[in-house]
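Take a look at the structure set out below.
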Amino acid sequence: MSDFSFKRHEKEIEKLIKRLDSSFYFYDLDKLESHLSYISNNKDEAIKLFFACKANPLSSILKLIRNLGIGVDVASLGELSQVVSSGVKASDIISTGPSKSRGYMSHLLRNEINCTVIESFYQLQWLEEVAKKEGVKARALLRVQLEWDNAEKSVLGGDEITAFGLDEKTWREIDLSQFPNVQVLGFHTFQWGNILEVSKLENIWDKACEKLKTLAAQMNLNLDIIDLGGGLGIPYQNQTTTIDFKDINAALVRLKEKHQLKTIWMELGRYAVGDCGFYMSQVIDRKNVRGRDILVLDGGINHIARPALTDQAFPCHVFKKENPTSTKEFHVHGPLCTALDKLGVFELPENTDYGDWLVFSQCGAYGFTEAMPFFLCHNLPAEVVSYKGDIMTPRVIKSSSDWLV
């Protein structure tokens, strides 16, 4: 999926480097549009796609997704506000996330969003209260935290006990007839992230569907929708496997037929937008410490925290140093006063030095909004988008004087 050529944007990138002189994100929205159009054109009509706003809430991206008819999943009031202001229709918005207050429930219903994913008994009570007060029938899915027969973990918990949803036993004990103003349409389950094997995804989804069908029968619930979340992976450092959505669609169609499902919802995050984004940061220093070659950058986990959170690096290369005659291993660090600020270990041209710019790819998802931007008061990175020949900077670089009080 990812490439480092930058040939199409090389001149624009050079101009941005001179103009900004500080770390920035660059998003190729033409590439994003092509990718999402391919997904939409290879999707069964009974499969509804949503974009997980948490992956990248930039308004330019949200508007493009809106124009392609893909829904959006929000997980906070801030995301809801951003999505609504980007012109996404209420019927194309669903709400997930383990933390939903009474007040937030009111915002969701007043904005007439499509569906709320209920993650606790309190949330079910509050949605009933708010729906009754507003005089509406609230549409909802119940999030189920399934138990698996292995101890494998993922960023979403896997078989670990997490704050997401309730277990099957707890949901079975709840009498849904006590909530007449809530229309429960089915279930939501999502415990595995960034998987690159379609067969593994299908196996997980198959087991989930079987368990959820049984639970629906036990609760006397019409199973109109199963939301399988996402989990579709993209290749990071030292990975080459990619997923073709045609194969995902074929797997979902098989599951729909096998389990006689009406509708399947999918929430795409990194798989939707990861490949369109790049993070660029300048080498500020180079040194050798006890035999280890180290590069220190202008930006680090204050701009792009995923390597520290997952111990997996974004692919990296040096801008405009192609096909080097010799390379060596560099440990790449950011500017923060903590050993956690490390972006990875990379094989880079041996002459990489002060003043060079490193390019990290696959950064369209879980980039800046996942970072820890205010520690040490460094600049916040700009975000630049390219679309149909236009280069725009929706967010300029911010210095500490812009936000310190």
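Computed from the coordinates by the stated procedures, all read-outs in this text should not be read as laboratory data. Just so we're clear, the structure is a prediction, and the values are computed from it rather than from any experiment. Backbone-built Cβ (ideal geometry, glycine too); neighbour counts: all protein chains shown.
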Scan around residue 297 for amide H atoms under 5 Å from its own, H built in the peptide plane at 1.01 Å from N, and keep only partners 5 or more places away or cross-chain.
-> 284, 333, 334
Could you pull out every residue, at least 5 positions away or on a different chain, whose amide H is within less than 5 Å of the one on residue 328? Hs are placed 1.01 Å off N in the peptide plane, and Pro or chain starts have none.
-> 348, 350
When the charge dipole of the chain is computed with +1 on Lys and Arg Cβ and -1 on Asp and Glu Cβ about the Cα centre, the Cα farthest towards its positive end, among 221, 250, 309, belongs to 221
If packing is taken as the mean number of other Cβ atoms within 10 Å per residue, what is the order of 196-205, 87-96, highest first?
-> 87-96, 196-205
Can you list the GluC sites (Glu not before Pro) in region 338-405 that are in a DSSP coil and have 16 or fewer other beta carbons within 10 angstrom?
-> 350
Loop-located trypsin sites (Lys or Arg not before Pro) in region 245-317 whose Cβ has at most 13 other Cβ within 10 Å (DSSP) | 262, 290
Rounded to the nearest 10 degrees, what's the angle between the helix 121-134 long axis and the longest principal axis of the chain, both from Cα atoms, 0 to 90?
-> 70
Rounded to the nearest 10 degrees, the helix 198-218 long axis (Cα) sits at an angle to the longest Cα principal axis of the chain of 30
Residue 44 paired with residue 210, simple spin-label distance in nm, labels 7 Å along Cα-to-beta-carbon = 1.8
Evaluate the relative contact order of the chain (contact order divided by residue number), counting alpha-carbon pairs under 8 angstrom at least 6 apart; express in whole percent.
-> 19
Evaluate 2.2 N^0.38 Å with N set to the residue count of region 254-394, then give the Cα radius of gyration divided by it.
-> 1.27
Among DSSP beta bridges lying fully in the chain, give the percent that are antiparallel, nearest 5.
-> 45
With a 10 Å radius around each residue's Cβ, average the other Cβ atoms per peptide and rank 214-220, 109-115, highest first.
-> 109-115, 214-220
Length-normalised contact order of region 42-268 in % [C-alpha pairs under 8 Å, at least 6 apart] = 20
Given a Förster distance of 60 Å, the FRET efficiency implied by the Cβ-Cβ spacing of residue 183 and residue 321, rounded to the nearest 0.05, works out to 0.55
Region 341-405 to region 303-326: how many Å between their Cα centroids?
-> 12
Any chymotrypsin sites (Phe, Trp or Tyr not before Pro) in region 253-306 that lie in a DSSP loop and have at most 12 other Cβ atoms within 10 Å would be none
The simple spin-label model distance between residue 161 and residue 132, using points 7 Å out along Cα→Cβ, in nm, is 3.2
Could you check the simple spin-label distance between residue 284 and residue 34, using points 7 Å along Cα→Cβ, in nm with one decimal?
-> 3.6
Treating each Cα of region 42-268 as an identical point scatterer and ignoring solvent, apply the Debye formula and state log10 I(q)/I(0) at q = 0.09, 0.18 Å⁻¹.
-> -0.35, -1.50
Full extension between residue 328 and residue 218 adds, at 0.36 nm per residue less the Cα distance, a length in nm of 33.6 nm
Pull up the DSSP beta bridges for region 42-268 and report the antiparallel fraction as a percent, rounded to 5.
-> 0
Separation of alpha-carbon centers, region 175-233 and region 33-72, rounded to whole Å | 21
Under a point-charge model restricted to the Cβ atoms of Lys and Arg (+1) and Asp and Glu (-1), what is the dipole moment magnitude of the chain relative to its Cα centre, in debye to the nearest 20?
-> 700
Region 190-284: relative contact order in percent, alpha carbon pairs under 8 Å with at least 6 residues between | 36
Computed over the chain, the distribution of all Cα-Cα distances in 20 Å bins, rounded to whole %, is 26, 53, 20, 1
By how many degrees, 0 to 90 and rounded to 10, does the Cα axis of helix 10-20 deviate from the longest principal axis of the chain?
-> 80
Whole number please: convex hull volume per residue of the Cα set in region 4-113, in Å³?
-> 144
Treating the beta-carbon of each Lys and Arg as +1 and of each Asp and Glu as -1, no other charges, what is the dipole magnitude of region 93-243 about its Cα centre, to the nearest 20 debye?
-> 520
